[in-house]
Amino acid sequence: MRHFTSVNDLGDLKAAVKEALEIKKNRYAWQELGRNRTALLIFFNNSLRTRLSTQKAAMNLGMNVIVLDVNQGAWKLETERGVVMDGDKSEHLLEAIPVMGCYCDVIGVRSFARFESKEDDYNEKILNQFIQYSGKPVFSMEAATRHPLQSFADLITIEEYKKKDRPKVVMSWAPHPKALPQAVPNSFAEMMNATDYEFVITHPEGYELDPRFVGRAKVEYDQRKALEGADFVYAKNWAAYRDPHYGQIICQDRSWTIDTEHMSWTDNAYFMHCLPVRRNMIVTDDVIESPQSIVIPEAANREISAQTVLKRILESL
Ligand code: CP
(Lines give C-alpha, C1' and ligand atoms only; values in the text may rest on other atoms or scores of the structure.)
Protein backbone atom coordinates (compact mmCIF):
# COMPACT_ATOMS: atom_id res chain seq x y z
CA MET A 1 0.00 0.00 0.00
CA ARG A 2 1.50 3.37 -1.02
CA HIS A 3 -1.19 5.81 0.21
CA PHE A 4 -4.18 5.26 2.50
CA THR A 5 -7.08 7.61 1.97
CA SER A 6 -10.15 5.35 1.87
CA VAL A 7 -11.47 1.87 2.59
CA ASN A 8 -10.69 0.95 -1.03
CA ASP A 9 -6.96 1.07 -0.25
CA LEU A 10 -7.38 -1.89 2.13
CA GLY A 11 -8.27 -4.29 -0.68
CA ASP A 12 -9.79 -7.55 0.61
CA LEU A 13 -11.53 -6.50 3.83
CA LYS A 14 -11.68 -9.98 5.33
CA ALA A 15 -7.89 -10.26 4.88
CA ALA A 16 -7.42 -6.77 6.37
CA VAL A 17 -9.47 -7.63 9.48
CA LYS A 18 -7.62 -10.96 9.84
CA GLU A 19 -4.30 -9.14 9.68
CA ALA A 20 -5.51 -6.53 12.19
CA LEU A 21 -6.56 -9.22 14.66
CA GLU A 22 -3.18 -10.95 14.29
CA ILE A 23 -1.46 -7.63 15.03
CA LYS A 24 -3.74 -7.14 18.04
CA LYS A 25 -2.57 -10.46 19.49
CA ASN A 26 1.13 -9.60 19.12
CA ARG A 27 1.53 -5.92 18.37
CA TYR A 28 5.31 -5.78 18.96
CA ALA A 29 6.19 -8.56 16.48
CA TRP A 30 7.10 -6.13 13.65
CA GLN A 31 9.51 -3.81 15.51
CA GLU A 32 12.26 -4.31 12.89
CA LEU A 33 9.97 -3.15 10.09
CA GLY A 34 9.97 0.46 11.31
CA ARG A 35 13.54 0.67 12.62
CA ASN A 36 15.20 3.93 11.46
CA ARG A 37 11.94 4.96 9.77
CA THR A 38 10.16 8.17 10.76
CA ALA A 39 6.44 8.91 10.76
CA LEU A 40 5.49 12.59 10.58
CA LEU A 41 1.98 13.24 11.86
CA ILE A 42 0.58 16.61 10.77
CA PHE A 43 -2.49 18.02 12.46
CA PHE A 44 -4.39 20.96 11.00
CA ASN A 45 -7.17 20.15 13.51
CA ASN A 46 -7.50 18.94 17.09
CA SER A 47 -7.35 15.28 18.07
CA LEU A 48 -7.10 12.99 21.07
CA ARG A 49 -7.58 9.44 19.75
CA THR A 50 -5.95 9.80 16.35
CA ARG A 51 -2.94 11.59 17.81
CA LEU A 52 -2.33 9.01 20.55
CA SER A 53 -3.32 5.83 18.74
CA THR A 54 -1.30 6.62 15.61
CA GLN A 55 1.80 7.49 17.63
CA LYS A 56 1.39 4.27 19.61
CA ALA A 57 0.90 2.25 16.41
CA ALA A 58 4.07 3.72 14.89
CA MET A 59 6.04 3.05 18.08
CA ASN A 60 4.74 -0.54 18.16
CA LEU A 61 6.36 -0.92 14.72
CA GLY A 62 9.67 0.47 15.96
CA MET A 63 9.28 3.82 14.18
CA ASN A 64 10.36 7.27 15.30
CA VAL A 65 7.49 9.75 15.41
CA ILE A 66 7.34 13.51 14.89
CA VAL A 67 4.06 15.31 15.57
CA LEU A 68 3.40 18.76 14.14
CA ASP A 69 0.41 20.89 15.09
CA VAL A 70 0.33 23.27 12.16
CA ASN A 71 -1.61 25.93 14.03
CA GLN A 72 0.57 25.85 17.15
CA GLY A 73 4.24 26.68 16.69
CA ALA A 74 4.59 26.32 12.90
CA TRP A 75 4.36 29.23 10.48
CA LYS A 76 0.82 30.05 9.47
CA LEU A 77 0.27 28.43 6.07
CA GLU A 78 -1.29 29.87 2.93
CA THR A 79 -3.07 27.17 0.94
CA GLU A 80 -4.20 29.09 -2.18
CA ARG A 81 -2.03 29.83 -5.22
CA GLY A 82 -1.98 33.37 -6.54
CA VAL A 83 -2.51 35.02 -3.17
CA VAL A 84 -0.29 38.06 -2.45
CA MET A 85 1.05 36.94 0.91
CA ASP A 86 1.01 40.31 2.68
CA GLY A 87 -1.15 39.08 5.57
CA ASP A 88 -0.46 36.91 8.61
CA LYS A 89 0.47 33.75 6.64
CA SER A 90 4.27 33.43 6.39
CA GLU A 91 4.69 30.21 4.41
CA HIS A 92 2.96 28.55 1.48
CA LEU A 93 1.80 24.95 1.68
CA LEU A 94 3.55 24.29 -1.64
CA GLU A 95 6.97 24.86 0.00
CA ALA A 96 6.00 23.47 3.39
CA ILE A 97 4.85 20.08 2.04
CA PRO A 98 8.06 19.07 0.21
CA VAL A 99 10.10 20.37 3.16
CA MET A 100 8.09 18.15 5.53
CA GLY A 101 8.66 15.26 3.14
CA CYS A 102 12.46 15.70 3.57
CA TYR A 103 12.31 14.73 7.25
CA CYS A 104 10.28 11.53 7.23
CA ASP A 105 9.42 8.27 5.49
CA VAL A 106 5.64 8.37 5.94
CA ILE A 107 3.25 11.32 6.46
CA GLY A 108 -0.09 11.24 8.26
CA VAL A 109 -2.38 14.23 7.65
CA ARG A 110 -5.44 15.47 9.51
CA SER A 111 -7.25 18.20 7.61
CA PHE A 112 -11.00 18.60 8.09
CA ALA A 113 -13.55 20.03 5.70
CA ARG A 114 -13.51 23.81 5.97
CA PHE A 115 -17.09 24.31 4.71
CA GLU A 116 -15.85 27.27 2.61
CA SER A 117 -16.08 25.42 -0.70
CA LYS A 118 -17.85 22.11 -1.20
CA GLU A 119 -15.76 21.56 -4.33
CA ASP A 120 -12.46 22.03 -2.48
CA ASP A 121 -13.64 19.83 0.39
CA TYR A 122 -14.93 17.01 -1.81
CA ASN A 123 -11.84 17.18 -4.06
CA GLU A 124 -9.69 16.69 -0.92
CA LYS A 125 -7.58 19.67 -1.92
CA ILE A 126 -5.21 19.60 1.11
CA LEU A 127 -4.72 15.83 1.35
CA ASN A 128 -4.12 15.51 -2.39
CA GLN A 129 -1.47 18.23 -2.31
CA PHE A 130 0.42 16.19 0.30
CA ILE A 131 0.19 13.15 -1.99
CA GLN A 132 1.32 15.20 -4.98
CA TYR A 133 4.14 17.24 -3.46
CA SER A 134 5.60 15.40 -0.44
CA GLY A 135 7.25 12.55 -2.36
CA LYS A 136 6.31 10.23 0.52
CA PRO A 137 3.49 7.78 1.28
CA VAL A 138 0.58 9.67 2.82
CA PHE A 139 -2.18 8.33 5.03
CA SER A 140 -5.32 10.12 6.10
CA MET A 141 -5.86 10.79 9.79
CA GLU A 142 -9.25 12.29 8.82
CA ALA A 143 -9.55 14.40 5.75
CA ALA A 144 -12.39 16.54 4.42
CA THR A 145 -14.59 13.69 3.24
CA ARG A 146 -13.34 10.49 4.88
CA HIS A 147 -11.93 9.13 8.15
CA PRO A 148 -10.80 5.66 7.05
CA LEU A 149 -8.67 4.82 10.11
CA GLN A 150 -11.86 5.30 12.15
CA SER A 151 -14.08 3.23 9.89
CA PHE A 152 -11.48 0.44 9.77
CA ALA A 153 -11.43 0.41 13.59
CA ASP A 154 -15.25 0.39 13.52
CA LEU A 155 -15.24 -2.64 11.23
CA ILE A 156 -12.74 -4.50 13.43
CA THR A 157 -14.95 -3.76 16.46
CA ILE A 158 -18.14 -4.98 14.78
CA GLU A 159 -16.37 -8.16 13.66
CA GLU A 160 -15.28 -8.76 17.27
CA TYR A 161 -18.73 -8.18 18.79
CA LYS A 162 -21.19 -9.43 16.18
CA LYS A 163 -23.33 -12.40 17.17
CA LYS A 164 -24.57 -13.22 13.67
CA ASP A 165 -22.86 -13.36 10.28
CA ARG A 166 -24.93 -10.56 8.82
CA PRO A 167 -25.78 -8.08 11.59
CA LYS A 168 -28.12 -5.14 11.14
CA VAL A 169 -26.07 -1.96 11.50
CA VAL A 170 -27.88 1.38 11.79
CA MET A 171 -26.11 4.71 11.46
CA SER A 172 -28.25 7.36 13.09
CA TRP A 173 -27.85 11.12 12.83
CA ALA A 174 -28.08 12.82 16.24
CA PRO A 175 -28.13 16.50 17.23
CA HIS A 176 -25.03 18.59 17.96
CA PRO A 177 -24.52 22.30 18.66
CA LYS A 178 -21.81 22.80 15.99
CA ALA A 179 -21.68 22.04 12.29
CA LEU A 180 -19.60 18.88 11.85
CA PRO A 181 -18.09 17.47 8.64
CA GLN A 182 -19.46 14.37 6.91
CA ALA A 183 -16.11 12.53 6.98
CA VAL A 184 -16.99 10.00 9.68
CA PRO A 185 -20.47 9.09 8.37
CA ASN A 186 -19.16 9.01 4.79
CA SER A 187 -16.35 6.64 5.70
CA PHE A 188 -18.53 4.49 7.92
CA ALA A 189 -21.09 4.18 5.12
CA GLU A 190 -18.35 3.36 2.61
CA MET A 191 -17.02 0.67 4.93
CA MET A 192 -20.46 -0.85 5.66
CA ASN A 193 -21.24 -0.87 1.94
CA ALA A 194 -18.13 -2.96 1.40
CA THR A 195 -19.46 -5.64 3.76
CA ASP A 196 -22.51 -7.87 3.41
CA TYR A 197 -24.13 -6.51 6.59
CA GLU A 198 -27.66 -5.14 6.52
CA PHE A 199 -26.99 -1.39 6.58
CA VAL A 200 -29.52 1.37 7.31
CA ILE A 201 -28.96 5.13 7.57
CA THR A 202 -31.49 7.27 9.42
CA HIS A 203 -31.60 11.06 9.65
CA PRO A 204 -34.07 13.95 9.47
CA GLU A 205 -34.97 15.13 5.97
CA GLY A 206 -32.32 17.50 4.62
CA TYR A 207 -29.36 15.59 6.05
CA GLU A 208 -28.96 13.30 3.03
CA LEU A 209 -25.31 12.34 2.50
CA ASP A 210 -23.51 12.29 -0.83
CA PRO A 211 -25.14 9.40 -2.78
CA ARG A 212 -21.65 8.09 -3.64
CA PHE A 213 -21.24 7.24 0.05
CA VAL A 214 -24.83 6.17 0.75
CA GLY A 215 -24.40 3.43 -1.85
CA ARG A 216 -26.65 0.41 -1.26
CA ALA A 217 -27.72 1.54 2.25
CA LYS A 218 -31.42 1.76 3.01
CA VAL A 219 -32.27 5.35 3.99
CA GLU A 220 -35.12 5.41 6.52
CA TYR A 221 -36.37 8.79 7.75
CA ASP A 222 -38.35 7.22 10.60
CA GLN A 223 -35.69 6.68 13.27
CA ARG A 224 -37.80 4.20 15.22
CA LYS A 225 -38.41 2.02 12.17
CA ALA A 226 -34.69 2.16 11.33
CA LEU A 227 -33.62 1.11 14.82
CA GLU A 228 -36.06 -1.82 15.10
CA GLY A 229 -34.08 -5.06 15.26
CA ALA A 230 -30.69 -3.33 15.06
CA ASP A 231 -27.62 -5.20 16.31
CA PHE A 232 -25.39 -2.13 16.25
CA VAL A 233 -26.34 1.55 16.59
CA TYR A 234 -23.71 3.93 15.25
CA ALA A 235 -24.63 7.46 16.30
CA LYS A 236 -23.11 10.50 14.64
CA ASN A 237 -23.89 14.08 13.86
CA TRP A 238 -23.15 15.69 10.53
CA ALA A 239 -23.95 18.99 8.86
CA ALA A 240 -26.03 19.20 5.68
CA TYR A 241 -24.36 18.02 2.48
CA ARG A 242 -26.88 19.18 -0.09
CA ASP A 243 -26.83 22.66 -1.61
CA PRO A 244 -27.76 25.36 -0.73
CA HIS A 245 -27.22 24.26 2.90
CA TYR A 246 -23.79 22.59 2.57
CA GLY A 247 -22.00 22.72 5.93
CA GLN A 248 -25.00 24.12 7.80
CA ILE A 249 -27.10 22.95 10.74
CA ILE A 250 -30.67 22.72 9.48
CA CYS A 251 -32.26 20.92 12.44
CA GLN A 252 -31.31 20.15 16.02
CA ASP A 253 -34.23 17.93 16.91
CA ARG A 254 -33.39 16.51 20.34
CA SER A 255 -35.86 13.65 19.86
CA TRP A 256 -33.05 12.05 17.79
CA THR A 257 -30.73 11.79 20.84
CA ILE A 258 -30.05 8.09 21.50
CA ASP A 259 -31.55 7.26 24.89
CA THR A 260 -32.69 4.06 26.60
CA GLU A 261 -36.05 4.20 24.83
CA HIS A 262 -34.30 4.32 21.43
CA MET A 263 -32.11 1.39 22.44
CA SER A 264 -35.20 -0.56 23.58
CA TRP A 265 -36.40 -0.62 19.94
CA THR A 266 -33.27 -2.54 18.92
CA ASP A 267 -32.31 -6.19 19.33
CA ASN A 268 -30.24 -5.40 22.42
CA ALA A 269 -27.86 -3.50 20.13
CA TYR A 270 -24.37 -2.39 20.89
CA PHE A 271 -23.90 1.38 20.95
CA MET A 272 -21.01 2.85 18.94
CA HIS A 273 -19.62 6.34 18.42
CA CYS A 274 -16.22 7.48 17.13
CA LEU A 275 -15.75 9.96 20.03
CA PRO A 276 -15.46 12.69 21.14
CA VAL A 277 -19.16 12.67 21.93
CA ARG A 278 -21.43 15.35 23.39
CA ARG A 279 -23.33 13.57 26.14
CA ASN A 280 -27.07 14.20 26.29
CA MET A 281 -26.96 15.70 22.79
CA ILE A 282 -25.86 12.64 20.77
CA VAL A 283 -26.39 10.00 23.48
CA THR A 284 -27.59 9.98 27.07
CA ASP A 285 -25.34 9.18 30.03
CA ASP A 286 -27.33 5.98 30.65
CA VAL A 287 -26.72 4.58 27.18
CA ILE A 288 -23.04 5.46 26.85
CA GLU A 289 -22.36 4.03 30.32
CA SER A 290 -24.41 0.89 29.73
CA PRO A 291 -22.86 -2.57 29.20
CA GLN A 292 -24.02 -2.35 25.55
CA SER A 293 -21.78 0.67 24.91
CA ILE A 294 -18.59 -0.38 23.11
CA VAL A 295 -17.15 3.08 22.51
CA ILE A 296 -13.97 2.35 24.53
CA PRO A 297 -13.03 -0.91 22.75
CA GLU A 298 -13.89 0.90 19.50
CA ALA A 299 -11.40 3.67 20.40
CA ALA A 300 -8.82 1.06 21.47
CA ASN A 301 -9.05 -0.48 18.01
CA ARG A 302 -7.81 2.80 16.53
CA GLU A 303 -4.32 1.67 17.53
CA ILE A 304 -4.84 -1.57 15.63
CA SER A 305 -6.28 0.01 12.50
CA ALA A 306 -3.40 2.52 12.39
CA GLN A 307 -0.81 -0.20 12.97
CA THR A 308 -2.22 -2.36 10.19
CA VAL A 309 -2.13 0.55 7.74
CA LEU A 310 1.37 1.67 8.78
CA LYS A 311 2.63 -1.91 8.59
CA ARG A 312 1.35 -2.26 5.03
CA ILE A 313 2.89 1.09 4.01
CA LEU A 314 6.25 0.12 5.55
CA GLU A 315 6.14 -3.22 3.74
CA SER A 316 5.78 -1.32 0.45
CA LEU A 317 8.81 0.96 0.95
N1 CP B 1 -12.42 9.61 16.58
C2 CP B 1 -11.38 10.45 16.43
O3 CP B 1 -10.82 10.61 15.34
O4 CP B 1 -11.02 11.09 17.58
P5 CP B 1 -10.05 12.35 17.64
O6 CP B 1 -10.72 13.46 16.86
O7 CP B 1 -9.90 12.67 19.10
O8 CP B 1 -8.75 11.98 17.00
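The values are calculated or read from the model by the stated rules, or taken from the named source; none is laboratory data. Worth saying up front: this structure is predicted, and the values here are computed from it rather than measured. All Cβ positions, glycine included, derive from the backbone under ideal geometry; neighbour counts span all protein chains shown. Remember, those area values only see protein heavy atoms, side chains included, never the ligands or the DNA or RNA. Shrake-Rupley method; radii C 1.70, N 1.55, O 1.52, S 1.80 Å.
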Open item on the list: Please enumerate, by chain and number, the aspartates and glutamates with C-alpha under 16 Å from the C-alpha of Lys162, excluding those fewer than 8 residues away in the same chain.
Closed with: Asp154, Asp196, Glu198, Asp231, Asp267, Glu298
- [ ] Keeping the other protein chains in place, figure out the carbon and sulfur percent of the accessible area of segment 150-298, with a 1.4 Å probe.
- [x] 47
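Is the chain rounded, prolate or oblate when judged by the Cα gyration tensor, a ≥ b ≥ c being the square roots of its eigenvalues, rounded requiring a/c under 1.5 and prolate requiring a/b larger than b/c?
Verdict is oblate for the chain.
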- [ ] Quick one: dipole size for segment 150-298, taken about the Cα centre, charges +1 on Lys/Arg Cβ and -1 on Asp/Glu Cβ, in debye to the nearest 20.
- [x] 220
- [ ] Report the one residue of Ala183, Val214, Pro204 whose Cα lies farthest in the direction of the positive end of the charge dipole of segment 174-223 (charges on C-beta: Lys and Arg +1, Asp and Glu -1; origin at the Cα centre).
- [x] Ala183
- [ ] Could you point to the residue in His147, Asn128, Pro98 farthest towards the positive end of segment 25-151's charge dipole, with +1 and -1 charges on the Cβ of Lys/Arg and Asp/Glu respectively?
- [x] His147
TODO: Could you do me a favour and compute the accessible area per residue for the chain, 1.4 Å probe, result in Å²?
DONE: 44
Open item on the list: For Gly108, what residues show an amide H to amide H distance below 5 Å, using hydrogens built from the backbone and excluding near sequence neighbours?
Closed with: Leu40, Leu41, Ile42, Phe139
Task: For peptides 163-175, 279-291, sequence by mean Cβ density within 10 Å, most packed first - done: 163-175, 279-291
Task: Under Karplus coefficients 6.51, -1.76 and 1.60, residue-wise ³J(HN,Hα) of segment 23-37 in Hz, glycine/proline x - done: 4, 4, 6, 8, 6, 9, 6, 10, 4, 6, 4, x, 4, 6, 10
- [ ] Would you please put 94-101, 144-151, 27-34, 250-257 in order of how densely packed they are, using the mean number of other Cβ atoms within 10 angstrom per residue and starting with the highest?
- [x] 144-151, 94-101, 27-34, 250-257
Open item on the list: Run the helix sum for the chain: -39,500 (n - 2.57) per DSSP H stretch of 4+ residues, divided by residue count, reported at 222 nm to the nearest 500 deg cm²/dmol.
Closed with: -10000 deg cm²/dmol
Open item on the list: Tell me whether segment 111-237 comes out rounded, prolate or oblate; compute the Cα gyration tensor, take square roots of the eigenvalues as a ≥ b ≥ c, and use a/c under 1.5 as the rounded threshold.
Closed with: oblate
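Shape call for segment 195-289 from the C-alpha gyration tensor, a ≥ b ≥ c root eigenvalues: rounded (a/c under 1.5), prolate (a/b greater than b/c) or oblate?
oblate
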